[in-house]
Amino acid sequence: MKPKFTFIALLCLSLLLISCATTAKEPVTDEAAKHITEGNSYYERGVYDKAIMEYSEAIEIEPSSAIAYLARGRAYYFNTEYLRAVSEYSKAIDLDPKYTLAYYYKGWAQVANNAYAGAISDFSKAIELDAKMSKAYNGRGWSYTNMAQWDISSYSDLFKRFESDAGLAMAYRGSGWLYVMQAQWELSTTPNLKEAVEKSPDIAESYYNIGFAYAKQAQWDHAIADLNKAIAKDPSLDRDRWNKPWAYSMKAKWDPVIADYSKIIELSTEQGVTPFKPGHSLSEEGEWDSAIANYKKAVELSANPVFAQKAKDTIALIEKIRADIK
């Protein structure tokens, strides 16, 4: 029996990012463990095609191994075969419904497929199974940010609507319309959504993303204020899906972003300034203040001078926006 334990020990040590921890011990045969270990060796060297071959051999021998499916899913993911990765993680979950890492990695594969609703569901399940898994909050926060920031269908429909409704366009084209039209804002301050990858959450980035979310809410509050002024002059503008309820719903999209990144800070061993609690009712000025406070905390905590400068530039831009819209 000693060789068997040797194979399993090697398997556990080499799974690194994959981890061999499931809710129940799996009966991994010597031969299957050997193929998984070989696959891990290829995986760690970035030779994903050969890693997939080895994991496939292990699955052929041990088709009930959730670990083997998770490992093959990881290889597919880094081989940019995201749909196949989702399928592999789903199989691992079928075999072990409480496999926390399978939900977590599946969530990132969903993000890579732009399937943000599915990603949120998977990250939420990982959090349900392990409430202290801060990297799952990070993944879910990225997903919520993507959903709120890149609601392309709403924006494109809105632009079309404005083309045919000059009155409504003017209602939002005051300083509140800055939310969508401020290209400088999007390019210089947006979290790096398109390059988001699996990673342990960075405390400074958490503060930065909270600041970004509060700034977005402040912009929507200003847009709503502008619309209220326009409606007071022309009540016919308060209609259809582009009225105040729509604007409020767009603002609300940022609440879960603030909640998840606040949770990461709460779970962090670093104790800093407590972020503003999600759900706390803030005025537009309060949201701008909250944004700046969180960006300043990002500057204080970041060891990356480029990132810190980006946060400083964002603070300066926020101050400029506030001055311009007053």
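The values are calculated or read from the model by the stated rules, or taken from the named source; none is laboratory data. Remember, it's a predicted structure, so these values are computed and weren't measured experimentally. Every residue, glycine as well, gets a Cβ built from its backbone with ideal geometry; the counts of neighbours run over all protein chains shown.
Scanning the range 78-89 for residues that are in contact with a helix residue (DSSP H, G or I) (Cβ under 8 Å, 6 or more places away or on another chain), touching a residue at least 24 places away in the same chain (Cβ under 8 Å), charged (D, E, K, R) and in the same structural domain as Y103 (by TED's automatic domain parsing) turns up nothing. Return a yes/no flag: does the range 233-253 have any residue that is at pLDDT 85 or above and either of a type outside the set (A, V, I, L, M, F, W, C) or in contact with a Gly (Cβ under 7 Å, 6 or more places away or on another chain) (or both). So far as the range 233-253 goes, yes, one or more of its residues are at pLDDT 85 or above and either of a type outside the set (A, V, I, L, M, F, W, C) or in contact with a Gly (Cβ under 7 Å, 6 or more places away or on another chain) (or both). Considering only the range 17-25, I want to know if a residue exists there that is at pLDDT below 95, charged (D, E, K, R), surrounded by fewer than 17 Cβ atoms within 10 Å (Cβ to Cβ) and not in a helix (DSSP H, G or I). Yes.
Within the range 291-313, the set of residues being farther than 14 Å from I203 by Cβ and under 21 Å from the mean Cα position of the chain (by Cα) comprises A291, K310.
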